[in-house]
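Peer 1: One structure, as structure tokens, below. Some questions next.
The values are calculated or read from the model by the stated rules, or taken from the named source; none is laboratory data. All of these numbers come straight from a predicted model, not from anything done at the bench. Cβ sites come from the backbone with ideal geometry, for glycine too, and all protein chains shown count toward neighbours. For the accessible areas, the whole protein counts, side chains as well, though only heavy atoms, and no ligand, DNA or RNA atoms are used. Shrake-Rupley method; radii C 1.70, N 1.55, O 1.52, S 1.80 Å.
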Amino acid sequence: MTGCGGSSGWRQRADVVVIGTGVAGLAAALAAHRRGGKVVLLSKAAETATFYAQGGIAVVLPRTEDSVDAHVSDTLAAGGGLCDADAVRSIVTGGYQAVSELVAAGAHFDESAPGQWALTREGGHTRRRIIHSGGDATGAEVQRALDVAASSLDIRRNHVALDLILDDGAVAGVHVLSDDGFGAVYAPSVILATGGLGHLYSATTNPDGSTGDGVALAMWAGLSVADLEFIQFHPTMLYSGSGGGRRPLITEALRGEGAKLVDAQGRSVTAGVHPMGDLAPRDVVAAAVEARLSETGDECVYLDARHIADFARRFPTVNASCLDAGIDPVRRPIPVVPGAHYSCGGVVTDVHGRTAVPGLFAAGEVARTGMHGANRLASNSLLEGLVVGGRSGAAAAEFAAATGPARLVEPAPAVRPALPRAELQAAMTRHASVVRDGDGLARLAELIDTAPPRVLKSRKDFEDAALTAVASVVASAAAARTESRGCHHRSDHPLTDPAQAVSVAAGLAPATVGC
Ligand code: SIN
């Protein structure tokens with residue numbers, strides 16, 4: 001990367017800029033680097049959502065009773081009619097190769113016998129097909145292996161991507177705020193791998209940096225997004241009082257090993273709700289928990305995992321989180337509530353991460369490939385991040401080689417509407433959580449419309465503006481979808497409407513549809 005100086009701050013050049021250093025970002029960066037691209041990674045935060053992933057990676061292993069057809073069919077069933085079947089098949093088919101490359105990069109997965117990976121189950125899966133590491137520390141191992149593999153790459157920490165720089169409709173770089181002040185990294189290819197948006201809500205399983213950055217950057221660049229009304233609430237986030245921010249996840253793999261969801265009276269939460277009971281898809285279980293809480297007025301339900309043998313060894317992360325909160329999961333059921341966990345929608349891309357803006361790619365949670373539809377199947381997220389991350393890195397390097405260096409276009413100063421974060425989170429939590437209705441969504445939209453313009457001079461300013469932009473699209477998409485489907489439950493429209501079995505593109509400005 002070459003320093004270029006310049007009156008509006010520092011300037012650098014690269015072939016490929018990757019924003020984000022979780023599974024998708026690092027897989028993308030490594031693939032672009034292997035193709036000879038000069039790669040710069042921008043990272044604003046120390047923690048990634050990848051690190052916190054517990055359950056594992058859903059992958060079809062050769063020479064097992066599992067099949068690509070079965071994994072595709074489970075994914076489509078969970079997705080509530082909105083998955084793109086071709087995208088699902090493509091990503092599922094790419095899984096084993098991508099996991100093998102991860103293993104070649106040094107990742108280790110738990111074994112049930114020498115040379116044989118241990119497989120677990122989670123909600124919506126009809127087979128045991130989830131590989132895991134360190135019991136319930138899969139994400140930490142994936143992150144560790146990719147961090148080591150990418151250690152020689154140019155990773156810029158504390159660099160906030162404020163805006164995309166466009167030149168004649170194509171991407172030309174990223175406007176950045178770093179410890180050295182404002183600057184720009186110019187490149188013909190940019191990959192958004194910024195993760196999710198859980199901090200739209202007061203409490204979430206996501207790390208601090210999950211503020212919808214990539215979705216906002218894409219929308220500010222005029223791109224369309226889709227399926228943002230489908231925000232997945234994980235049924236079992238640890239309940240330890242009403243505190244906000246990141247809260248520990250209690251992995252679904254516990255239910256895969258037989259843990260039961262019960263209310264304070266010991267009654268099953270999911271009995272009679274779905275044939276798969278506690279292992280129904282996540283949207284079904286979260287809605288069942290929410291219904292039981294509103295029926296009983298209780299603050300939480302309980303996950304009874306007391307019978308699981310060797311708990312602390314199989315689930316060390318959950319065990320430590322519970323003990324930190326003063327709960328011994330071997331002696332008493334774990335108090336849980338649904339928590340904002342994953343965005344099923346995002347920036348519209350194909351299965352190589354390509355968006356409608358030439359040179360701009362997106363991969364991982366920020367992207368909407370069509371893999372997840374209205375509700376993501378458990379442990380399909382690391383899979384998608386690995387597969388589409390790697391493909392987007394390759395495609396971005398090829399695009400950069402074919403296009404040549406970007407022109408040094410001056411970035412515009414960033415001024416965006418931004419609400420105070422706590423006010424926005426409270427309104428999102430009240431009106432756009434597991435269950436919504438038209439009146440609440442209208443009140444949410446009215447509040448968002450009052451957001452005053454803010455000059456983006458800090459990471460916090462940028463994140464508040466990103467959250468405000470993303471919230472406005474979540475609110476309008478959720479209001480427009482007058483039915484219940486997947487993660488989107490409308491108390492005023494409780495039924496699924498076959499006429500609405502389509503993804504609807506949305507955006508802030510006149511949007512470009514497709515990719
Ligand atoms: C979990 O371990 O329950 C979460 C896995 C996922 O989000 O897919």
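Peer 1: Which condition does THR194 not pass, out of (1) within 16 Å of the ligand (Cβ to nearest atom); (2) open to solvent by 10 Å² or more (accessible area, probe 1.4 Å); (3) closer than 18 Å to HIS372 by Cα, if it passes all the others?
Peer 2: Going through (1) within 16 Å of the ligand (Cβ to nearest atom); (2) open to solvent by 10 Å² or more (accessible area, probe 1.4 Å); (3) closer than 18 Å to HIS372 by Cα one by one, THR194 breaks only (1).
Peer 1: What pairs can you find where one residue is in the range 239-261 and within 8 Å of the ligand (Cβ to nearest atom), the other is open to solvent by 20 Å² or more (accessible area, probe 1.4 Å) and assigned to a helix (DSSP H, G or I), and their Cβ atoms are less than 7 Å apart, with a gap of 6+ or different chains?
Peer 2: Filtered contacts from the range 239-261: LEU249/TYR52.
Peer 1: OK, next. Residues that are open to solvent by 60 Å² or more (accessible area, probe 1.4 Å), small (Gly, Ala, Ser) and over 25 Å from LEU76 (Cα atoms), at least 2 per element: which helices (runs of 4 or more DSSP H) completely within the range 354-467 meet that?
Peer 2: 380-403
Peer 1: While we're looking at this one, here's another question. Given the condition of a type in the set (Gly, Ala, Ser), over 21 Å from the mean Cα position of the chain (by Cα) and farther than 24 Å from CYS487 by Cα, answer yes or no: does some residue in the range 416-437 qualify?
Peer 2: Within the range 416-437, one or more residues are of a type in the set (Gly, Ala, Ser), over 21 Å from the mean Cα position of the chain (by Cα) and farther than 24 Å from CYS487 by Cα.
Peer 1: Considering each of SER433, SER379 in turn, give the residue that is away from the ligand (no atom under 16 Å from the Cβ), modelled with pLDDT of 95 or more, out of contact with any Leu (no Cβ under 8 Å at 6 or more places or on another chain) and among the polar types (S, T, N, Q). Quick ask: steps written out before the conclusion?
Peer 2: Values: SER379 fails: away from the ligand (no atom under 16 Å from the Cβ).
Just one listed residue meets the conditions, SER433.
Peer 1: Okay, moving on. Residues that are surrounded by fewer than 19 Cβ atoms within 10 Å (Cβ to Cβ) and out of contact with any Gly (no Cβ under 9 Å at 6 or more places or on another chain): list the helices (runs of 4 or more DSSP H) wholly contained in the range 217-315 that include at least 3 such residues.
Peer 2: 282-296
Peer 1: Helices (runs of 4 or more DSSP H) wholly in the range 71-169 with at least 2 residues that are open to solvent by less than 10 Å² (accessible area, probe 1.4 Å) and under 17 Å from ALA53 (Cβ atoms) - which ones?
Peer 2: Of the helices (runs of 4 or more DSSP H) lying wholly inside the range 71-169, those with at least 2 residues that are open to solvent by less than 10 Å² (accessible area, probe 1.4 Å) and under 17 Å from ALA53 (Cβ atoms) span 95-104, 138-149.
Peer 1: Please go through the range 203-225 and give me each residue that is among the charged types (D, E, K, R) and within 18 Å of LEU166 (Cα to Cα), ordered by number. Don't jump to the end; show me each part of the working.
Peer 2: Applying the first criterion (among the charged types (D, E, K, R)) to the range 203-225 yields 208, 213.
Selection gives ASP213 alone.
Peer 1: Kindly indicate whether any position in the range 336-353 is open to solvent by 50 Å² or more (accessible area, probe 1.4 Å), at pLDDT 95 or above and assigned to a loop (DSSP other than H, G, I, E, B).
Peer 2: Taking every residue of the range 336-353 in turn, at least one turns out to be open to solvent by 50 Å² or more (accessible area, probe 1.4 Å), at pLDDT 95 or above and assigned to a loop (DSSP other than H, G, I, E, B).
Peer 1: Identify, from the list SER240, SER224, the residue that is more than 16 Å from the chain's Cα centre (by Cα), farther than 26 Å from ALA478 by Cβ, of a type in the set (Ser, Thr, Tyr) and at pLDDT below 95.
Peer 2: From the options SER240, SER224, the qualifying one is SER240.
Peer 1: May I ask you to verify whether VAL387 is aliphatic (A, V, I, L, M) and within 20 Å of the chain's Cα centre (by Cα)?
Peer 2: So VAL387 passes the test.
Peer 1: Starting from the range 88-100, take each residue that is aromatic (Phe, Trp, Tyr) and list its partners that are assigned to a loop (DSSP other than H, G, I, E, B) and buried (at least 19 other Cβ atoms within 10 Å of the Cβ), counting only C-beta distances under 7 angstrom and pairs at least six apart or across chains.
Peer 2: From residues that are aromatic (Phe, Trp, Tyr), the pairs are TYR96/VAL59; TYR96/VAL60.
Peer 1: Quick check on THR270: is it within 13 Å of the ligand (Cβ to nearest atom) and hydroxyl-bearing (Ser, Thr, Tyr)? Outline the logic, then answer.
Peer 2: Working: within 13 Å of the ligand (Cβ to nearest atom): no; hydroxyl-bearing (Ser, Thr, Tyr): yes.
It is false that THR270 is within 13 Å of the ligand (Cβ to nearest atom) and hydroxyl-bearing (Ser, Thr, Tyr).
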